[in-house]
Amino acid sequence: MTAPDAILDQIQTLLRIADGGSPYPAERELARERAERLMVRYAIDEAGVRMSREEAETPTTRAFDFAAPYVKDQIILVCGIARVFSCRSVIHGGRRVTAVGFASDLAIVAALVDTLLPAMRLEMDVYGGSQSRKKAFAWSYTSTVTERLRAFYAGALREAEEEGTGSAVVLLDRAQQVEVAYQEMFPNLRAARRRVLTSSEGWGEGAEAGKRADISLGRKVDEPGRRELGA
């Protein structure tokens with residue numbers, strides 16, 4: 001059995017424990033946390049395998065489309081999630097984002113977007129208030145969620161480095177490849193206009209909503225996404 005197959009088997013076993021395979025809540029929680037870290041690390045370790053080959057896999061793209069309301073807020077959230085996983089983003093016509101990155105990273109981004117976007121929209125509906133308040137709420141929500149994701153991702157990378165996988169060098173090279181591909185695909189981009197907050201009201205509530213957000217992968221990566229991770 002190859003190392004990636006062994007990791008996938010371990011992830012599946014941990015998820016079965018987390019989903020009720022143990023009568024002990026603490027054990028289920030630990031199993032889910034360990035599975036989450038392995039799911040992120042799997043992309044890291046697979047990156048190392050790919051980059052050691054003579055012909056490295058090249059970055060690709062994934063598109064995200066948005067429907068009203070809160071289109072701009074959704075775009076900011078997706079671009080923020082993409083940055084956490086070393087992907088670059090292009091906004092088209094105010095309603096579509098094209099993310100550039102490696103397939104394994106884009107699969108994770110898409111899985112998180114599928115959960116976090118509707119969650120943010122629901123939180124904004126519940127919060128209500130003026131447009132300026134909602135804007136501050138969404139901005140704070142995005143900041144909190146992306147910081148949580150970044151901390152988790154960095155933790156998984158540190159764990160891999162402690163075991164001597166050398167993933168940091170691989171990830172740096174991958175990030176550089178993504179940047180080159182991004183510049184080649186979109187050579188004439190203009191910088192997006194930054195949104196300006198006219199009120200900080202709603203910032204604290206947005207941060208609390210971001211802390212409640214489910215940033216776990218769990219079973220969110222669909223079968224095509226799993227194949228991308230194992231490609």
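The values are calculated or read from the model by the stated rules, or taken from the named source; none is laboratory data. All of these numbers come straight from a predicted model, not from anything done at the bench. All Cβ positions, even for glycine, are placed from backbone atoms using ideal geometry, and neighbour counts span all protein chains on display. Surface areas here come from the heavy atoms of the whole protein model, side chains and all, with no ligands, DNA or RNA. Shrake-Rupley method; radii C 1.70, N 1.55, O 1.52, S 1.80 Å.
Scanning segment 114-129 for residues that are in contact (Cβ under 8 Å) with a residue 12 or more places away in the chain and open to solvent by 10 Å² or more (accessible area, probe 1.4 Å) yields a count of 8. Close Cβ contacts (under 7 Å, 6 or more residues apart or on different chains) running from residues in segment 159-188 that are closer than 20 Å to R83 by Cβ to residues that are open to solvent by 60 Å² or more (accessible area, probe 1.4 Å) and modelled with pLDDT under 65 comprise S167/E161; A168/E161. Just one of the numbered conditions (1) open to solvent by less than 60 Å² (accessible area, probe 1.4 Å); (2) modelled with pLDDT under 70 is not true of R158: (1).
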